[in-house]
Amino acid sequence: MIFGIWCILAFGSVMRQIQKTVTFLLPVYSLSLEERHKLIDGDFYDFVKQCATEVGPEETVVFKAVPREPDFRTPDWFLKEYFVGRLSYFLYPRKILRGQGVIYKPGYIIIFDTDSKDLRLNYL
Amino acid sequence: MLLFKFILAVLSIVVTGYAVLKLFTGPKKELPLGEILCLSFGMGVGFVGLEAFLLALFKQPLGLSYFLSFQFVFIIFAALKAKKGFFCCCAAPWYKQRISYSPLAVLLLAIISWEIVYVFLKASSLPFSALNWDAWASWGFKAKIFFQERAFPVQFCVGFPGFAHPDYPVLMPFAETYVYFFLGRIHEPLIKLFCSFFYAATVILFYYQLKRRFKVEFALGGCLVLATIPSLVNMASTAYMDVPLVFYITAGVLYIWRYLKEKDNFYLRLGTFFIGLGMWVKNEGFSFWAALVLSCLFICLLFKPGINKKKFLSVIVFVPALIYLPWVLFKAYFKLGVTYFQSPYWNLLDLVKQRLPMAVEIWIRYGLDIGRWNIFWIGFIIALVWFLVRPREKLAWFLLLIVIFQLAFYFIIYIIWPISLADLELQIFNSVDRLPLQLVTLVLFFICLQIGEKWKVSL
């Protein structure tokens with residue numbers, strides 16, 4: 001009987017999975033990787049890409065403390081609250097939602113050569 | 001092309017794992033092909049992860065040629081040792097018996113297959129999400145650093161305060177790095193797909209463990225329950241390391257269980273090896289090992305398992321410890337302490353009074369959430385009561401004790417963790433989906449032993 005109840009409940013979740021696959025997962029496969037990142041990160045992705053193309057080589061990135069949950073209503077919340085400079089999109093986690101506890105203080109820089117696209121990690 | 005490289009990466013891991021397995025099994029050992037593939041994958045991931053870690057410590061910069069040449073030499077060595085038997089993969093007599101799949105079995109198989117396909121689709125569709133923090137900011141981040149740096153920047157990992165959890169073992173990040181080297185670039189969806197293979201491997205391995213003792217329909221029913229646990233399905237596609245840990249612990253404990261039943265030393269070696277690798281996956285792997293040692297000790301004291309107890313306990317203690325030793329030395333050298341034990345506990349009784357009811361309440365509330373667990377934990381409670389009243393298999397205490405000790409470890413950590421009550425509450429909420437997940441295969445196997453009397457097959 002317990003197995004029967006299990007199957008009935010599991011059937012509902014399988015149906016939801018099929019629906020999600022048809023309406024969301026399969027269409028995502030037709031997107032490029034960049035578009036998939038945008039799907040996750042929204043405008044933040046464009047911002048990082050902009051940073052990566054507009055600044056000169058050997059730019060310094062300093063990660064900044066995250067004092068509180070950001071105010072998403074302000075257009076430049078990520079600049080004020082999150083970090084100074086720019087970062088490698090692929091290297092460092094993108095949206096930082098946790099707040100304090102993960103990045104305590106500026107303490108590390110990422111050297112990014114825009115010509116060679118090489119990254120180096122250096123201490124401050 | 002990228003997918004082709006990814007397939008090559010997985011194939012190289014499986015072939016290397018197969019070579020490791022052959023060194024253990026020898027040419028005469030007979031296991032079904034599906035079981036061999038799962039074991040080879042697990043062994044292979046363990047091998048390439050440790051290989052990358054050790055090479056990164058002694059040889060930099062890392063490169064695919066280093067990895068492959070090292071693996072090639074190892075495979076040649078294994079092939080020479082196994083001789084003709086290296087390519088022999090014959091099923092055991094008990095498995096050769098003709099299996100007739102009833103419509104019910106076919107239906108169960110179809111649902112299990114769908115779950116695996118769904119997890120693969122979900123994993124490979126999108127990059128890491130910020131909602132799955134550790135997969136992205138800890139495990140995945142480390143793998144990217146190792147790949148970008150072509151090295152293990154030890155000082156960075158140890159000294160950078162923002163580096164999430166420097167004391168976490170690095171086997172899985174290095175395994176992800178290995179895949180990145182094959183791909184030649186960072187590709188988050190494919191890494192998530194790679195991690196979701198552990199889900200499929202766990203389900204398949206669980207099937208073969210059940211199939212050894214029960215009829216096909218029952219084994220598939222057990223697998224269906226495992227494969228459709230909502231929390232497991234959700235976690236399997238996120239690249240959290242809990243599912244790989246589940247795989248290694250499942251393999252480790254269930255092969256040791258098989259040793260206790262069949263007295264074949266091969267299973268003991270295999271099981272302890274997997275426990276050792278599990279210790280390299282997450283810190284909880286260490287507590288699983290401690291729980292296993294305690295459980296084995298109790299089994300040897302309470303029952304007469306008909307084995308050489310001293311030898312059994314020695315293997316259980318020393319083989320995983322030896323495998324884990326390099327990471328212990330690494331941590332000791334760089335003074336990477338575990339944060340749970342860093343402050344004195346003056347008022348332990350107060351902490352227990354304050355924290356234990358809160359933790360238990362949250363766990364029960366979440367455990368009864370059908371959306372997360374279906375009726376898994378309710379089923380466990382029923383099976384447990386039944387077991388205490390009328391045990392079908394007394395040796396199931398072996399599994400039950402591991403679960404009890406592991407649960408005790410979780411709650412001890414909650415009690416002694418030197419953080420405020422509010423932070424602890426947050427941490428419990430963060431872990432309440434993941435920690436019970438690490439126990440599901442052992443709990444489910446225990447349930448199956450208790451309720452599966454009617455479907456048992458003679459060994």
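Looking at region B:126-136, which of the residues that are part of a helix (DSSP H, G or I) and over 14 Å from B:Glu176 (Cα atoms) is farthest from the other protein chains (Cβ to nearest Cβ)? If you could, list the steps in order and put the result at the bottom.
Within region B:126-136, the first condition is being part of a helix (DSSP H, G or I), and the residues that meet it are B:133-136.
Retained after the next criterion (residues that are over 14 Å from B:Glu176 (Cα atoms)): B:133-134.
Working: B:Trp133: 6, B:Asp134: 10 Å.
Only one residue fits best here, namely B:Asp134.
Before we move on, is B:Phe445 within 24 Å of A:Trp6 (Cα to Cα) and of a type in the set (A, V, I, L, M, F, W, C)? Judged against the criteria, B:Phe445 is a match. The listed residues are B:Lys335, B:Lys353, B:Lys311, B:Lys331, and the only one of them that is basic (Lys, Arg) and outside any helix (DSSP H, G or I) turns out to be B:Lys335.
Can you tell me which residue is farthest from the other protein chains (Cβ to nearest Cβ) among those in region B:223-270 that are part of a helix (DSSP H, G or I) and basic (Lys, Arg)? Can you show your working first?
As a first pass, look at region B:223-270 and keep what is part of a helix (DSSP H, G or I): B:223-227, B:230-236, B:242-262, B:265-270.
Going one step further and asking which of them are basic (Lys, Arg), we end up with B:258, B:261, B:269.
Values: B:Arg258: 25, B:Lys261: 25, B:Arg269: 35 Å.
The qualifying residue farthest from the other protein chains (Cβ to nearest Cβ) is B:Arg269.
If you go through region B:13-30 and keep only what is surrounded by fewer than 19 Cβ atoms within 10 Å (Cβ to Cβ) and of a type in the set (A, V, I, L, M, F, W, C), you end up with B:Val15, B:Leu23, B:Phe24. If the condition is being in a helix (DSSP H, G or I) and aromatic (Phe, Trp, Tyr), then region B:190-216 contributes B:Phe194, B:Phe197, B:Phe198, B:Tyr199, B:Phe206, B:Tyr207, B:Tyr208. For the residues B:Leu407, B:Leu444, B:Leu439, the requirement of being hydrophobic (A, V, I, L, M, F, W, C), without any contact (Cβ under 8 Å) to a residue 60 or more places away in the chain and either in contact with a Leu (Cβ under 7 Å, 6 or more places away or on another chain) or within 22 Å of B:Phe214 (Cα to Cα) (or both) singles out B:Leu439. B:Ala200 fulfils the conditions (1) surrounded by 24 or more Cβ atoms within 10 Å (Cβ to Cβ); (2) touching a helix residue (DSSP H, G or I) at 6+ places or on another chain (Cβ under 6 Å) except for a single criterion, (1).
All told, B:Ile382 falls short of being at pLDDT 90 or above, more than 30 Å from B:Ala105 (Cβ to Cβ) and of a type outside the set (Lys, Arg).
Once region B:399-436 is narrowed to residues that are closer than 16 Å to B:Ile364 by Cα and of a type in the set (Gly, Ala, Ser), the residue that is surrounded by the fewest Cβ atoms within 10 Å (Cβ to Cβ) is B:Ala408.
The values are calculated or read from the model by the stated rules, or taken from the named source; none is laboratory data. Small disclaimer: the values here were computed from a predicted structure and weren't measured. Counting neighbours? That spans all protein chains shown, and the Cβs are built from the backbone with ideal geometry, glycine included.
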